[in-house]
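Report on the following structure.
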């Protein structure tokens, strides 16, 4: 799951910075959770979309997900990615509800909509991490 791509890292701010720094601190995928109504939200927001609460945290999630959608990129404008095309990106729907974007090494021809996937993170820097999607291990 490791990446050898050397790109200019994004500089997230506000709640995105909290999202990424929490992942870096825990080494796990963490998603915004409303401490009042229990809903999960991504991308992070200042107010819960269900109850408008400002009382939230970023706990780890299970990593269990399904492939909601995916795309294969055959072109990139980023020079650091040119040797990686084509590459596949998955929109993963977490068991907890929200959807996240994940990189994957699963061959595109093996991906199907609603297939189970397992998510993990690769901390690149305190301010940025990749989310990776993999086929779940047999027996898990």
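The values are calculated or read from the model by the stated rules, or taken from the named source; none is laboratory data. Treat the numbers as computed from the prediction; the structure is a model and nothing was measured. Glycine gets a Cβ as well: all are built from the backbone with ideal geometry, and neighbour counts include every protein chain shown.
Assorted remarks:
- The range 1-28 - residue that is at pLDDT 90 or above and in a loop (DSSP other than H, G, I, E, B) and, of those, surrounded by the fewest Cβ atoms within 10 Å (Cβ to Cβ): 27
- If you filter the range 83-95 down to residues that are more than 12 Å from the chain's Cα centre (by Cα) and in contact (Cβ under 8 Å) with a residue 24 or more places away in the chain, you find that the one that is nearest to residue 40 (Cα to Cα) is 95.
- Looking across the range 45-59, just one residue is loosely packed, with under 14 Cβ neighbours inside 10 Å and outside any loop (DSSP other than H, G, I, E, B), and that is 57.
- When residue 76 is tested against (1) surrounded by fewer than 17 Cβ atoms within 10 Å (Cβ to Cβ); (2) closer than 25 Å to residue 135 by Cβ; (3) in contact (Cβ under 8 Å) with a residue 24 or more places away in the chain; (4) touching a helix residue (DSSP H, G or I) at 6+ places or on another chain (Cβ under 7 Å), just one condition goes unmet, and that condition is (3).
- Within the range 96-140, strands (runs of 3 or more DSSP E) holding 2 or more residues that are touching a residue at least 40 places away in the same chain (Cβ under 8 Å), exposed (fewer than 12 other Cβ atoms within 10 Å of the Cβ) and under 9 Å from the mean Cα position of the chain (by Cα): none
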